[in-house]
Amino acid sequence: MNQWLLLGVNSITLGGLLFLLSAGFSLIFGLMRIPNLTHGSFFMLGAYIGVSFLGLGLGFWAAALLAAAAMAVIGGGIERLLLRRLAGQELAQVLVTLGLSFMIADLCLMIWGGDPISLDTPAGLSGAVPIASIVFPAYRLAIVVIAVVIAVALWLMLERTRLGAMIRAGVDDAPMARVVGIRVSRLFTLIFCLGAGIAGFAGVMGGPILSVYPGLDADMLPLALIIVILGGTGSLLGALLGSIVVGFLYNFGQVLFPEIAYIILFLPMLLILLFRPQGLFGRHAP
Amino acid sequence: MIRAAAAAVALCALAAAPLWIPGGYYLNILSQILIYAIFALGLNLLVGYAGLVSLGHAGLFGVACYAVAWLVAAGAGQLVAALGALAVLLATTAAFAVLSLRSAGIGFLMITLAIGQILWGMAYRWIDLTGGDNGINLAARPQPFGISLAFATPFYYFTLIVFLVALASVAVFIASPLGASLKGTRDQPRRMSALGYNVWLIRFLAFLFSGLWSGVAGLLFCYYNQFVSPNVLSLGSSAEALLMVISGGSGTLLGPIAGAALVVVMKNVASAYIERWNFLLGAIFVAIVLFMPEGLVPGSARLGRRLWLRLRGVPAAGGAR
Amino acid sequence: MARKFGRRSFLAGTAAAAMPWAPAVAGAQGVRLGLLTVKTGPLAQGGLQMEQGLSVFLKQKGSMLAGRPVELIVADTGGNPAGAKTKAQELVERDKVDFIVGPLAAFELLAISAYIEQAQVPLLSLAAADDMTQRKPNSYFVRASATSSQCDHPLGDYAAKEMNLKRVATISEDFAFGYEQAGGFQRVFEGEGGRIVKKLWPPLNTADFTPFLAQIADVDGVWNGFAGANPIKFNQQYAGLGLKAKYPVLGGWTAYDDALLKSFGDDAMGAISAAWYSSDLDTASNRRFVADMVKQYGNVPGGYAAGTFINGMCIEAALEKTGGKTDDRATLIAALRGVSLTDTPRGTFHFDRFGNVVGNVFIRRLERKDGRLVNTIVKTYPNVSQFWTFDEKKYLAQPVYSRDYPPLRS
Amino acid sequence: MSALAIKDLGKSFGGLRVTAGVTLALEAGERRLIIGPNGAGKTTLFNLITGELKPDDGAIALFGRDITALPTRARPHLGLARTYQIITLFAQETLLHNVTLSLLGLSPLRWSPFRRLDRQAVLIERARAALASVGLEALAGRPLAQTSYGERRRVEIAMALVQQPKVLLLDEPFAGLSVDERKDVRRLLASIPRDVTMLMIEHDMDVALELADRITLMHFGQIVVEGSRAEVVAHPRTREVYFGS
C-alpha cells in the first residue's frame, strides 16, 4: 500500500520537475516550430552555472534565479545570432542545435570537470513530510508548488497580457501575426530567452535530486521530447498534463513492467505518434 | 568534362590509396570513412531526396550489425549470414517504414527517434540475443572468393567496391524516373498525388533503399570492428549520421561522403592532436550553418564559383542571376 | 600544467600534425606507453582520473622506467567501442606502443580484446568484465584492479558474518557490470546464510530512482552497485526518502570510490563498501601517491587514478625483469604476469594464471573526519582471488553472473 | 451517361458545413462555369472531386464509375486533371521538368529506378510539345522560380493538358493575370479539344462566359441556380447572392 502511495506522490513531484524541464521546450517548439535539440544542454548548463553561483556563497534561490537569468541571456544570444537566420530550414536547425549541444557539453567538461556535483537541498526544505503512512522529501513537494506557480504565471502571461495575446497569435499563425503588425522576430527572441531561462532554472531545481554530471543533457532531452509528444505541442496545458502523465508512466511503469524498463516511455510515445499524433491533449498534429 | 576528369582522378586516388597512404592505420581510417559514407548515402536518400528526416537510422545500421554477428556466432556460414542479415534488415526496415510513414515532417522525425530508442533498449535488454552491453564478437571477417579480408588492404578494397556500388546505385536512382518522383514527393507531396503518383509507395520504396544501404554499412562496420554492442544503435549514432548528411550537403550525391569524412577524421585523427575535439566538431557544425547553410559540398562549390568569377574580373553579383 | 606528462610534447604533436602519417619516431631507446582513456562525454570523469594517475606515476619516476625513457601517448576513445578499436589501432600500428594502459569501460575492452591478442601488445585495463580473465581469457591481458565481482564476494561475506544481515535487496544499473557485481555479492552472501529478497535493475539513463526505491521494504540492508555519476543521485534519493535511517547501505568500489567523496553530501554517510583500493591505506607508496595527486590535481585519488598508477608500477617491474627489453612480446607478457609487488597503493598483490590480480580487498565505512568525508578501512581481506574461496574449475563451469544468475530464491 | 456526376455531396469542417447536398452532372464535352462569392465552397468542391478531401456523404462518378472511395492518385489515371488557384509547382525544377513530372505521373515508367529520366526522349518530347502549346517552349530549360506569375499559370495548364484528361478542372485560371496574359490563356483554353469536359471556377465573367456552355452558381456550399448564361443572370436568386437584396 505504502509503495503505491509513494509512487503516486512521486509521479506528481517528478511531473513537476519535468514540467519545469519541458515548458520552455514546448513554448519554443509551439511558437517557432524549432525542435530545439539544445534544450537538454540548457538544463545542464543552467545547473552548472547554479553550482558556480552557489560556490560564490549565494543562497540556493538566488543561484537558481541568477542561473535562469544567465541562461535567458545565452538563449537569447543563440536565437539572435544563429537561429534567427534559419527560419523554416529544419535541417540547418537540427545541425546548429546539435552542434551547440556538442559545444556546451565539452565546455562544461572543461570548466566544471567530469566529477558529478551534488547540490545541497535548500535550507528549510531538507526534511521529510509525513503523508498518510509514508514520509516524503519536503523539497520534492516544494518543486510541485514551484511548478504550479510557474505554470500559473506563464498561463496568466499567455492569457491575460498583451504579450501573451501576441504570442498566442504567433503560435496560431505567424505570417498573419506579422501582417497585423506584431513584431514576430522580437517575440521569437523573447520566447527563446524565456524557454532557455526556465530550462536553466529547472536545471538548478533538479540539482538536489538528480545532481549535475556530464551526460545530464542527453538524459534530459529525450524526456522533454516525450512530454511534448504526449501532451501535444505548443500548449502550456499540454506540457503540464504531459509531464504528469510521464511522471505516472515512469513511476508505475518501472514497477509494473520491469521487463520493458528501457522503453517504458518510448513505447507510449510511439503509440501516441501513431494513433493520436496531436498528442493526448493537443488540438493539432505537429 | 571537368567533372568526368575529377571523378577519374578521385577514383584513381582511391584505387591507389594503399600506395600513397603509408601504414595500415590510415588505410583503416579511410575504410571507416567509406563505411560511414555508405551509411550517410543511404540516410541521405530519405533526408535529402525524400525530405524525411530520420533520427532512428542507427537502428537499421545496428540491426544488420547484430544480425550478421548473431548468425555467424550461431554457426551460419559467412555468405548465409550476410544474406540472412540483409533479409532481417529489410524486414525490419519495412516495419520501420510502415510505422514512420504514417507521418511526415516533425512527426516522422519523432517516430523514427522513438523506434530507434526502442531498438536500442532491446539491444540492451534482450540479452539472450544480443549479449546486452557486452555485445557480440564476430569471430572472423568473411573471405569472399577465398580472399582473406583480415588485413587492412584487402578489407579496404572490399569496402571500396561496396562503396562504389552504393554510390553508383544512388546516382542511377537519383537520375531515374523513380528518383525524380521521390524528389517531387519531397517538394509537393499533395500535388504529386493529384498527378497520379502513389506518394506513400514511393516513400516506402525509398525507405527500403535507404535502409538497405544503411544496413550494408552496418554489415561492413561489423566486419571491420568484429564486434557489436548497443552503442551502435544509440540516439547519438543516429544523430551522428544525420549530422554527416546535413553538414556535407543533404540532397547532393557527394555531400554525405564529405560529411562522413569530416566526422570520422575529427573523431579519430584530429582527436589525437586536439584534446577538445568534441567542442571543435560542434563549432564546425555551427560554422557550416553560418557560412554555408546548404552544406560543405554545395557551399564550397558556390564559394569556388564566386572566387572563380572574381578572379576573372566578373563582379560577383552579376554571376549569380 | 601538470598535464604535460599526459600528452606528447607540443613540438612532437605539431610535427605529427603536419605529417600525420609519419609514425612518430621513438626516442633513442624509449619505451612507448599508450593510454586508452575517455576524455569527452559522460565517461570522462573516470577517464581523466586515469590520465592523472599514470601521469603522477611517470612524474615520480622522472619518465624513466628500468633505465629507459618513457613516452606516453594518450588516446581519447570517446567512450564507445568503435572509438576504442580505432584508437587501439592508432596506438599499436601508428605509434608502435609497447604497452597499452586502459581502456575504461568493459564494452570498450571487449571490443578490442581479439585485436589485442592478435597484435600481441600487453594490455593493462581497469575494465572489470569477469570473463576477460575467466571464460574468455586473453593471453595479453593483465588486470591489476579487480573483476566486477571480486570485491563483492568478500562484501557478501562481511555482510553476512560481521553485519549479521539476513535479508538484503540489491539495486544496480541494468547492465553487465551491475549483474556481475550483484551476482558475486548474492552468491557469497547466500552461501553464508543470507538471502537476497529483491533485485532491482534501473536502466542506465534513469533520472529518478524513486520508483525502484519504493519497492524496497522488509529488508535488513540494501546493496548497490552504481557507477559513474549515479552513486551521487542514488544516495541523495535514498536518503531523501528516509530509507537510509531504516536500512544500512552497502556498495561496490565504484559506488563509494574515494574520488567521489568530494561530491557526496552527508547522504552517503555510514555506507559500507568493498574496494580493491582505498586512499586510506597506510603504505609508503600510497601516502606518496595520495600526496602527489592532491598536490598536482587537488584530488584525492580513487580507483581509476590508482589503477593506472599501479599499472605503471607493474610495467616498471616487468621492464626491470626483461632488462628494459620489449621486443620479445611473449617474454614481456610473461614478465608482466609474473610481477609480484609488496609496497603499492593497494598493498601486496600478484597475478593468477589468467592475468587477474590476487590482492587485498578493503571493507570501508564512509565517515566524516576533520570535516571531510573519508572511507575508513574496517577490515582487510588479504589475497582475494577472483574465484574467492571457490574451486576454480567448478567456478568456471558455472555461467558468468547475469541478470538471472544466481536466480532469486523464492 | 454523364462525364462527371456528383450526387448529394456534403462536407463539414467541425461544425461548419462547407458543401451541402451538391448535385451536378456534366455531359461529355460540356464546358461548365462555377461562380459564387468567396467562401461559397467552390474550391472545396474541386478538392472533393479530386479526392484531396474526403466527402462526408454523397457520391462522385466519372463516366459512370463510382470514384468516391478512390484515392486521389488513382483519379488522374481515369482521365481527371486539375489546375490550382494557388500555384503549387516544383520551384527548383525547370519548366520542362515540371511538365515531364506531370506526364510521368500517368506512365508506368515512373516506377523505374534504373533508366535515366533525361534520356526518355518520347516523354520529354511530349512535355516539350505541351510547353510549346502554351507558348513557353523557349523557356523550357529555365527554373520555375525564375519565371513570371503568368508564365506559371500557363505551366499549370500545360501540366493538366499534357495528361490528356477527359475531364479537366480549372480553378481560377485567369486569377492575377494581366490583360495580355488573359488573352493568351483564353486562346489556350479555347483551343482545348471539344471532347474534353471542363469544369471551371472563375470570377472574371467576361472571359469565362465566352468559354462556358452552362453556369452553376454556388452559395454557402449549395447550388443556388443552374442554367444558361441568360437564365442565371436573370434569376432573382443571383441578385440576392451578389447584391444581398
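Placing +1 on the Cβ of every Lys and Arg and -1 on the Cβ of every Asp and Glu, with nothing else charged, gives chain A a dipole about its Cα centre of roughly 960 debye. Taking a span of 18 Å or more along the helix axis (Cα atoms) and a mean Kyte-Doolittle hydropathy of at least 0.0 as the rule, the DSSP H helices of chain C that qualify are C:106-119, C:303-321. Put the Cα centre of region B:104-122 next to the Cα centre of region A:97-137 and the gap is 28 Å.
Taking +1 at the Cβ of each Lys and Arg and -1 at the Cβ of each Asp and Glu, which of D:Ile223, A:Leu265, A:Ser185 sits farthest along the dipole of the protein assembly as shown towards its positive end, judged by Cα position relative to the Cα centre? My answer, from the dipole projection, is D:Ile223.
Each residue of region D:102-109 is assigned a 3J(HN,Hα), and the resulting list reads 5, 5, 5, x, 9, 9, x, 4 Hz, derived from the Karplus form 6.51 cos²θ - 1.76 cosθ + 1.60 (θ = phi - 60°), x at Gly and Pro.
Near D:Arg31, the amide H atoms lying under 5 Å from its own belong to D:Met198, D:Asp213, D:Arg214; only residues 5 or more places off or on other chains count, and H is placed 1.01 Å from N.
Across all directions, the average flat footprint of the convex hull enclosing the Cα atoms of region B:26-232 is 11.4 nm². Here region D:45-195 is treated as a sphere whose radius is the Kirkwood value from Cα pairs; by Stokes-Einstein at 25 °C and 0.890 mPa s it diffuses with a coefficient of 151 µm²/s. Work out the charge dipole of chain D with +1 on the Cβ of Lys and Arg and -1 on the Cβ of Asp and Glu about the Cα centre, then indicate which of D:Gln120, D:Thr83, D:Met1 is farthest towards its positive end. Of the options given, the answer is D:Gln120. Can you give the calculated 222 nm mean residue ellipticity of chain C, where each DSSP H run of n ≥ 4 adds -39,500 (n - 2.57) and the sum is split over every residue, rounded to the nearest 500 deg cm²/dmol? It lands at -10500 deg cm²/dmol.
Rg/Rh for the protein assembly as shown: what does it come to with C-alpha atoms and Rh from Kirkwood? Expressed as Rg/Rh, it is 1.02.
Computed on region C:242-302, the Cα convex hull volume stands at 82 Å³ per residue.
In whole Å, what is the distance between the alpha-carbon centres of region C:42-105 and region D:77-124? Distance between centres, Cα-based: 60 Å.
A cut-off of 5 Å between modelled amide H atoms, ignoring neighbours fewer than 5 places along the same chain, links D:His219 with D:Val224. Across all directions, the average flat footprint of the convex hull enclosing the Cα atoms of region B:1-131 is 11.0 nm². Scanning chain A for trypsin sites (Lys or Arg not before Pro) in DSSP loops with at most 15 neighbouring Cβ atoms within 10 Å leaves A:1-182 as the longest stretch between them. Put simply, chain C fits an ellipsoid with semi-axes of 36, 22, 20 Å; these come from the alpha carbon gyration tensor as the roots of five times its eigenvalues, largest first. Suppose the Debye formula is applied to equal point scatterers at every Cα of chain A; what is log10 I(q)/I(0) at q = 0.07, 0.11, 0.15 Å⁻¹? Calculated log10 I(q)/I(0) at the listed q: -0.25, -0.63, -1.18. For region A:48-105, the solvent-accessible area of protein heavy atoms averages 40 Å² per residue (probe radius 1.4 Å; ligands and nucleic acids excluded).
Given DSSP loops and a limit of at most 16 other Cβ atoms within 10 Å, what is the longest stretch of chain C that contains no such trypsin sites (Lys or Arg not before Pro)? Answer - C:167-261.
Fraction of C-alpha pairs exceeding 16 angstrom in region B:145-257: 70 percent, rounded to a whole number. With a Förster radius of 56 Å, plug the Cβ-Cβ distance of B:Ala76 and D:Val233 into 1/(1 + (r/R0)^6) and report the FRET value to the nearest 0.05. Here the calculated transfer efficiency is 0.10. Nonpolar atom fraction for the protein assembly as shown, defined as the carbon and sulfur part of the 1.4 Å probe accessible area, stands at 62 percent. Label separation (D:Asp213 vs C:Asn205): 6.5 nm, computed from points 7 Å beyond Cα along the C-beta direction.
For C:Lys161, the lysines whose Cα comes closer than 29 Å to its Cα, not counting residues fewer than 8 places off in the same chain, are C:Lys198, C:Lys199, C:Lys244, C:Lys246, C:Lys369, C:Lys379, C:Lys393, C:Lys394. Taking 7 Å steps out from each Cα toward its Cβ at C:Ile377 and B:Leu253 produces label points 6.9 nm apart. A Cβ-based charge dipole, computed about the Cα centre of chain D with Lys and Arg at +1 and Asp and Glu at -1, lands at about 620 debye. Near the amide H of C:Thr40, within less than 5 Å, lie the amide hydrogens of C:Gly78, all on another chain or at least 5 residues away, with H placed in the peptide plane. So which lysines can C:Lys39 reach, going by Cα to Cα under 27 Å and dropping same-chain residues fewer than 8 places off? Partners found: B:Lys267, C:Lys4, C:Lys59, C:Lys61, C:Lys85, C:Lys87, C:Lys96, C:Lys233, C:Lys262, C:Lys295. Distance between the C-alpha centres of region A:214-237 and region D:177-235: 53 Å, rounded to the whole angstrom. With viscosity set to 1.002 mPa s at 20 °C, what whole-number translational diffusion coefficient in µm²/s follows for region C:137-253 from Stokes-Einstein and a Kirkwood radius over Cα pairs? Value of D from the Cα-based Kirkwood radius: 148 µm²/s. Legend: P(r) of region A:117-213 from all alpha carbon pair distances, 10 Å bins from 0, whole percents, reading 14, 32, 24, 18, 10, 2.
Computed over all pairs of different Cα atoms, the Kirkwood value for the hydrodynamic radius of region B:11-82 is 14.8 Å. Considering only alpha-carbon pairs that sit under 8 angstrom and 6 or more positions apart, the relative contact order computed for region D:91-163 is 52 percent. What the pair-distance distribution of region D:91-163 shows, using all Cα-Cα distances binned every 5 Å from zero, is 3, 19, 31, 24, 14, 7, 2, 0 percent. At the listed q of 0.15 Å⁻¹, the Debye profile of region B:124-196, built from one uniform point per Cα, gives log10 I(q)/I(0) equal to -0.78. Projecting the Cα positions of B:Ser237, B:Gly259, B:Ala217 onto the charge dipole of chain B (unit charges on Cβ atoms of Lys, Arg, Asp and Glu, taken about the Cα centre) puts B:Gly259 furthest along the positive direction.
Among the GluC sites (Glu not before Pro) in region B:226-321, none sits in a DSSP loop with a Cβ that has at most 16 other Cβ atoms within 10 Å.
The values are calculated or read from the model by the stated rules, or taken from the named source; none is laboratory data. This is a predicted model, so every value here is computed, not measured. Positions of Cβ are backbone-derived with ideal geometry, glycine not excepted, and every protein chain shown enters the neighbour counts. Calculation scope for accessible area: heavy atoms of the full protein, side chains included, ligands and nucleic acids excluded. Shrake-Rupley method; radii C 1.70, N 1.55, O 1.52, S 1.80 Å.
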